[in-house]
């Protein structure tokens, strides 16, 4: 697969003062953050915190009530919130979903080739007559797909129907299809959802390799704090649509506001720790 040269200090995506209101509900409330090139940036928070809504703003499924998103595309910086949804993939942004979105009655290979459609440069007539240019484009698409298959170790499943695959393999196939678009920024929505411990460890491995070997920046929404800690460079914690804290995984997990949002008050957490220590002492 091709490697993207990145400057880790350069901002790839910049969200400023994002707010989204659905009727009387303020789903996202004045949220700002940057995703730097070559990093894994993760959004965490309880259910209903507004994390997936932020993803939907970047994907242009929703329009912000206020605020803007700037993005460093292949041809320079663009105001992403001014772009139509169908332009997002061609700007180098790919996404996976919490609920897998694959063509179940097609093979793994066919699903991945669909991910190459944004790079199609041949017109209707050249495809109808299967010209030399069309043949060359198909060969190049197949080569790119085979590189992704090798990268994610999907060789054994290449010709398998998606409908017959285990859930964990389907998650990897969806990740593969996103990589087939050759993104600069990869949005991962709950990549460990539905996975067992071993599969989650494998997902952590793939995410690290996507960043380190391919140079692709990752913006992730995730509940599994073990996975978050393993792969994230920085974390933004949200609650009720607003930002609680931003920093390294360790800094954010120890923030009093984050502890309270996840587990109750800081005093409650201290009490739980004391009870646990007492129970350990009794069992000893």
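Condition first: at pLDDT below 95 and part of a strand (DSSP E or B). Now tell me which residues in the range 184-234 satisfy that.
Once the filter is applied, which keeps residues that are at pLDDT below 95 and part of a strand (DSSP E or B), the range 184-234 yields only 189.
Here are some residues: 113, 57. Which one is in contact (Cβ under 8 Å) with a residue 12 or more places away in the chain and assigned by TED's automatic domain parsing to the domain that holds residue 156?
Every option except 113 fails the conditions.
Conditions first: (1) closer than 17 Å to residue 43 by Cβ; (2) touching a helix residue (DSSP H, G or I) at 6+ places or on another chain (Cβ under 7 Å); (3) in contact (Cβ under 8 Å) with a residue 40 or more places away in the chain. Residue 192 passes all but one, so which condition is the exception?
It is condition (3) that residue 192 fails.
Specify the residue that is surrounded by the fewest Cβ atoms within 10 Å (Cβ to Cβ); the eligible residues are those in the range 235-245 that are more than 18 Å from the chain's Cα centre (by Cα) and assigned to a strand (DSSP E or B).
242
Output the number of residues of the range 61-98 satisfying the condition of being part of a loop (DSSP other than H, G, I, E, B), touching a strand residue (DSSP E or B) at 6+ places or on another chain (Cβ under 9 Å) and either within 23 Å of residue 115 (Cα to Cα) or not assigned by TED's automatic domain parsing to the domain that holds residue 193 (or both).
Final tally of qualifying residues: 7.
Residue-wise test of (1) closer than 14 Å to residue 110 by Cα; (2) surrounded by 14 or more Cβ atoms within 10 Å (Cβ to Cβ); (3) touching a helix residue (DSSP H, G or I) at 6+ places or on another chain (Cβ under 9 Å).
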position	(1), (2), (3)
144	yes, yes, yes
151	no, yes, yes
167	no, no, yes
170	yes, yes, yes
174	yes, yes, yes
177	yes, yes, yes
187	no, yes, yes
199	no, yes, yes
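The values are calculated or read from the model by the stated rules, or taken from the named source; none is laboratory data. Quantities reported herein were computed from a predicted structural model and do not represent experimental measurements. Cβ atoms come from the backbone with ideal geometry, glycine included; neighbour counts cover every protein chain shown.
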